[in-house]
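Every read-out reported here was derived from the displayed coordinates using simple, explicitly stated rules and does not represent laboratory data. Remember, predicted model here, so these are calculated numbers, not experimental data. Cβ placement follows ideal geometry from the backbone for every residue including glycine, while neighbour counts extend to all protein chains displayed.
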Amino acid sequence: MSYEKVAQANSNIVIGTKQTLKAMKNGEVEEVFVAGDADQHITEKVMRMAEELKVPCHRVDSMKKLGKACGIDVGAATVAIKQ
């Protein structure tokens with residue numbers, strides 16, 4: 001379900017940890033998706049900020065599948081859907 005949701009919101013997403021954190025700080029994020037196979041020290045900041053800002057944070061199993069759902073050829077550790 002999560003991959004489909006990302007794929008459907010393709011024009012309204014932010015890909016990558018730095019961009020996700022920036023968008024969350026600006027209050028632009030509706031939901032966050034974090035790949036379970038990404039380095040935890042990378043995704044930890046995103047999950048912590050999502051919890052602080054009460055933004056729904058979903059774990060998916062694969063960076064590669066998350067990247068593919070975003071329409072890119074590389075894996076994505078974090079993806080945010082903008083409001």
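Pairs under 7 Å by beta carbon, first residue touching a residue at least 24 places away in the same chain (Cβ under 8 Å) in region 1-25, partner aromatic (Phe, Trp, Tyr) and surrounded by 13 or more Cβ atoms within 10 Å (Cβ to Cβ), six or more apart or different chains?
If the second residue must be aromatic (Phe, Trp, Tyr) and surrounded by 13 or more Cβ atoms within 10 Å (Cβ to Cβ), the pairs left are 2/33; 6/33.
Any idea which of 49, 63 is in contact with a helix residue (DSSP H, G or I) (Cβ under 9 Å, 6 or more places away or on another chain) and among the aliphatic types (A, V, I, L, M)?
Result: 49 is the single residue among 49, 63 that is in contact with a helix residue (DSSP H, G or I) (Cβ under 9 Å, 6 or more places away or on another chain) and among the aliphatic types (A, V, I, L, M).
Could you go through region 20-30 and let me know if any residue there is out of contact with any Asp or Glu (no Cβ under 7 Å at 6 or more places or on another chain), among the small types (Gly, Ala, Ser) and assigned to a helix (DSSP H, G or I).
Scanning region 20-30, I find at least one residue that is out of contact with any Asp or Glu (no Cβ under 7 Å at 6 or more places or on another chain), among the small types (Gly, Ala, Ser) and assigned to a helix (DSSP H, G or I), so the answer is yes.
Restricting the first residue to region 44-58 and requiring it to be without any contact (Cβ under 8 Å) to a residue 12 or more places away in the chain and part of a helix (DSSP H, G or I), which pairs with a second residue that is surrounded by 13 or more Cβ atoms within 10 Å (Cβ to Cβ) and not polar (S, T, N, Q) meet a Cβ separation below 8 Å and a spacing of at least six or different chains?
51/57
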